[in-house]
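Structure first, then comments.
The values are calculated or read from the model by the stated rules, or taken from the named source; none is laboratory data. Keep in mind that what you see is a predicted model, and the values were worked out from it rather than measured. All Cβ positions, glycine included, derive from the backbone under ideal geometry; neighbour counts span all protein chains shown. For the accessible areas, the whole protein counts, side chains as well, though only heavy atoms, and no ligand, DNA or RNA atoms are used. Shrake-Rupley method; radii C 1.70, N 1.55, O 1.52, S 1.80 Å.
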Amino acid sequence: MEHLIQAAYFITILLFILGLKRMSSPATARSGITWAGVAMGLAVVVTMLWPGLHNIGLILTAIFIGVVLAWVSGRKVKMTNMPQMVAIYNGMGGGAAAAIAAVELLRGEMDGMGMIALSVGGGLIGAIAFSGSMIAFGKLQGLISGRPIFFPAQKPLNLVVLIVALLFGASLLDGEAATTLILLFFVVALVFGVLMTLPIGGADMPVVISLYNALTGMAVAFEGFAMGNAAMIVAGTVVGAAGTLLTQLMAKAMNRSLANVLFGGFGKVQSEAQGEIAGSMRTIEPEDAAIMMRYAEKVIIVTGYGMAVAQAQHKIRELSDLLESRGVKVKFAIHPVAGRMPGHMNVLLAEAGISYEHLYDLEEINAEFSNTDVSLVIGANDVVNPVARSNPSSPIYGMPILNVDQSNNALIIKRGKGTGFAGIENELFYKDNTRMLYGDAQSMVSELIQELKQV
Ligand code: NAP
């Protein structure tokens, strides 16, 4: 029976990997998610067949509760709240890994490498991923300040807490540790996760979320190793590797190293040092903006978080189609951290049916702004803020931005004078060649469409 179960695990693993592969293209992504979901469900069913499995009633109850919670929250969550959801699900994975490690450590039946994988791998990494993700969730949900939180001697304290956690972990390796020691180990690991996440904030949140995703995967893989479970090893390794790659990509998008994100206190608000921006913001009537775009050779559209809030993507597609039907070349510029989760803009624009050939990454399009007649910025702020280039005291200094300020004209759609995620003023809005179109993204784009139809 055990051989059959292992063989079935390998089938689920294959299905899971093929599902992930299908997610690399928008055309097959939905079916990829289904494949991966079926694979995970199958792995659960196969596990239930394990000989001598106890507490089937409890397991089924837990599965039922989990499915109901995930189903309801998955259907209800708004696209703009996805990052929080991702953070909480990452945390759940890490928490589950830590809980399994706790049970196995209390049983004390393992030894050698198994104990190391369990305590340091599953326990420590899982607990850090759990409490860290919960803090990230709190920050993104606005339950605690989204800004970096600092206090005196923070770095030395973090180091001490990590060393204490490792020492506790090491003392568990003989497999005969007292329950109090095991509990202390988990408490210190959880505290470290909290302390590690508090000073991270502002524009660095995407990096930290993908890092916890990677850590959760690693914790599960370690545990799979300790428990001889191939499905956990493969699924954990795949998630760990994908999360690590994503973390690297996100850090690169912010032009920073991971160490700098974790220990640099990036995003620390230095408002005193930022200074006032000279000039004023000038508005433009939708009618004039429509004429400007109608007679442009090329328009680059930059979307951001505000587009997601307003769900303006379908109207934006209508606008883009209309401009193209009048002979205007339209391109979409995608900043890697625009919105609130990796790939946020790609997902929304693809949902509205805007083809991938129209979407350009930062590196592909940045050189084009200087020969573009009109850049239309819809609900984006931080990702087009030139202070990232010019002001070393700015919290987003060093982050690559889309060079909208270099285009001949910039039109900005936003509701008012609200700042972006980093909470700072945007120099672009005060430039001579910039005009503001105040209003909700969806209604303002609708107005532009109406005006364009009359030009
Ligand atoms: P942003 O800097 O957060 O700015 C969004 C702008 O949209 C705001 O200035 C707001 O101004 C406007 N807005 C809000 N609702 C609107 C509506 N209904 N209609 C029109 N405008 C609206 O957005 P971003 O430029 O996309 O930059 C993303 C930021 O989030 C970066 O700092 C990034 O580091 C961070 N972040 C990204 C991720 C990720 O993975 N992508 C995750 C976490 C954090 P008004 O209030 O005046 O309208």
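Look through Ala117, Ala178 and report the one residue that is open to solvent by less than 30 Å² (accessible area, probe 1.4 Å) and either within 28 Å of Ile59 (Cα to Cα) or free of Cβ contacts under 8 Å to residues at least 24 places away in the same chain (or both).
Details: Ala178 fails: open to solvent by less than 30 Å² (accessible area, probe 1.4 Å).
It is Ala117.
Looking only at the range 110-149, which residues are among the hydroxyl-bearing types (Ser, Thr, Tyr) and over 23 Å from the mean Cα position of the chain (by Cα)? Explain how you work it out, then say what you get.
If we filter the range 110-149 for residues that are among the hydroxyl-bearing types (Ser, Thr, Tyr), which is where we start, we get 119, 131, 133, 145.
The one that is among the hydroxyl-bearing types (Ser, Thr, Tyr) and over 23 Å from the mean Cα position of the chain (by Cα): Ser119.
Would it be correct to say that Phe429 is within 10 Å of the ligand (Cβ to nearest atom) and either part of a strand (DSSP E or B) or under 24 Å from Ala296 (Cα atoms) (or both)?
Numbers: within 10 Å of the ligand (Cβ to nearest atom): yes; either part of a strand (DSSP E or B) or under 24 Å from Ala296 (Cα atoms) (or both): yes.
Considered against the rule, which asks whether it is within 10 Å of the ligand (Cβ to nearest atom) and either part of a strand (DSSP E or B) or under 24 Å from Ala296 (Cα atoms) (or both), Phe429 comes out as yes.
Taking the stated definitions as given, is Trp71 surrounded by fewer than 13 Cβ atoms within 10 Å (Cβ to Cβ), of a type outside the set (Ser, Thr, Tyr), out of contact with any Gly (no Cβ under 7 Å at 6 or more places or on another chain) and within 28 Å of Lys139 (Cβ to Cβ)?
Working: surrounded by fewer than 13 Cβ atoms within 10 Å (Cβ to Cβ): yes; of a type outside the set (Ser, Thr, Tyr): yes; out of contact with any Gly (no Cβ under 7 Å at 6 or more places or on another chain): yes; within 28 Å of Lys139 (Cβ to Cβ): yes.
In short, yes.
Of all residues in the range 323-352 being open to solvent by 40 Å² or more (accessible area, probe 1.4 Å) and out of contact with any strand residue (DSSP E or B) (no Cβ under 9 Å at 6 or more places or on another chain), which is farthest from the ligand (Cβ to nearest atom)?
Top of the filtered list is Gly327.
Quick one: which residue in Glu357, Glu368, Glu363 is over 27 Å from Ala251 (Cβ atoms) and either at pLDDT below 95 or not in a loop (DSSP other than H, G, I, E, B) (or both)? Break it down stepwise before answering.
Details: Glu368 fails: over 27 Å from Ala251 (Cβ atoms); Glu363 fails: over 27 Å from Ala251 (Cβ atoms).
Being over 27 Å from Ala251 (Cβ atoms) and either at pLDDT below 95 or not in a loop (DSSP other than H, G, I, E, B) (or both) holds for just one of Glu357, Glu368, Glu363, which is Glu357.
Is it the case that Ile378 is modelled with pLDDT of 95 or more and near the ligand (Cβ under 9 Å from one of its atoms)?
Working: modelled with pLDDT of 95 or more: yes; near the ligand (Cβ under 9 Å from one of its atoms): yes.
For Ile378, the condition - modelled with pLDDT of 95 or more and near the ligand (Cβ under 9 Å from one of its atoms) - is met.
Residues of the range 235-255 being open to solvent by 30 Å² or more (accessible area, probe 1.4 Å) and over 16 Å from the mean Cα position of the chain (by Cα), which ones? Let's see the steps before the verdict.
The first filter runs over the range 235-255 and keeps only residues open to solvent by 30 Å² or more (accessible area, probe 1.4 Å), leaving 235, 237-239, 241-242, 244-246, 248-249, 252, 255.
Result: Ala235, Thr237, Val238, Asn255.
As an exercise: evaluate Thr303 against (1) of a type in the set (S, T, N, Q); (2) within 15 Å of the ligand (Cβ to nearest atom); (3) more than 24 Å from the chain's Cα centre (by Cα) and give the number of the one condition it does not meet.
(3)
Those residues that are more than 22 Å from the chain's Cα centre (by Cα) and either farther than 20 Å from Gly37 by Cβ or touching a residue at least 60 places away in the same chain (Cβ under 8 Å) (or both), I need them from the range 207-232; list them, please. Walk me through how you get there before you give the answer.
Keep residues of the range 207-232 that are more than 22 Å from the chain's Cα centre (by Cα), which gives 222-232.
Scanning the range 207-232 gives Phe222, Glu223, Phe225, Ala226, Met227, Gly228, Asn229, Ala230, Ala231.
Quick check, is Leu211 under 30 Å from Ile396 (Cβ atoms), at pLDDT 90 or above and not basic (Lys, Arg)?
Working: under 30 Å from Ile396 (Cβ atoms): yes; at pLDDT 90 or above: yes; not basic (Lys, Arg): yes.
Yes; evaluated as a whole, the condition is true for this residue.
Within the range 409-426, can you find the residues that are assigned to a strand (DSSP E or B), open to solvent by less than 10 Å² (accessible area, probe 1.4 Å) and within 11 Å of the ligand (Cβ to nearest atom)? Talk me through it step by step, then tell me what you get.
Filtering the range 409-426 down to residues assigned to a strand (DSSP E or B) leaves 409-414.
Right, trim to open to solvent by less than 10 Å² (accessible area, probe 1.4 Å) and you get 410-413.
Hits for the range 409-426 are Ile412, Ile413.
Just to confirm my filter: which helices (runs of 4 or more DSSP H) fall fully inside the range 82-180 and include at least 1 residues that are touching a Pro at 6+ places or on another chain (Cβ under 9 Å) and within 30 Å of Ser394 (Cα to Cα)? Let's see the steps before the verdict.
On the way: elements: 82-107, 112-116, 126-141, 154-171.
Answer list for the range 82-180: 82-107, 126-141, 154-171.
Suppose we filter the range 120-161 for residues that are open to solvent by 60 Å² or more (accessible area, probe 1.4 Å), of a type in the set (Lys, Arg) and either closer than 30 Å to Met79 by Cβ or modelled with pLDDT of 95 or more (or both); how many remain?
The number of residues fulfilling the criteria is 1.
Restricting the search to the range 147-175, which residues are in contact (Cβ under 8 Å) with a residue 60 or more places away in the chain, more than 23 Å from Gly93 (Cα to Cα) and touching a Leu at 6+ places or on another chain (Cβ under 9 Å)?
Across the range 147-175, the qualifying residues are Pro148, Phe150, Gly175.
Considering the range 293-314 alone, what residues qualify as being open to solvent by less than 60 Å² (accessible area, probe 1.4 Å) and more than 18 Å from Tyr356 (Cβ to Cβ)?
Start the filter on the range 293-314 by keeping residues that are open to solvent by less than 60 Å² (accessible area, probe 1.4 Å), which leaves 293-294, 296, 298-304, 306-308, 310, 312-313.
Met293, Arg294, Ala296, Lys298, Val299, Gly304, Gly306, Ala308, Ala310, Ala312, listed by residue number.
Val45: surrounded by fewer than 13 Cβ atoms within 10 Å (Cβ to Cβ) and closer than 10 Å to Thr12 by Cβ, yes or no? Let's see the steps before the verdict.
Numbers: surrounded by fewer than 13 Cβ atoms within 10 Å (Cβ to Cβ): yes; closer than 10 Å to Thr12 by Cβ: yes.
Yes, satisfied.
Tell me, yes or no, whether the range 389-408 has at least one residue that is at negative phi and within 8 Å of the ligand (Cβ to nearest atom).
yes
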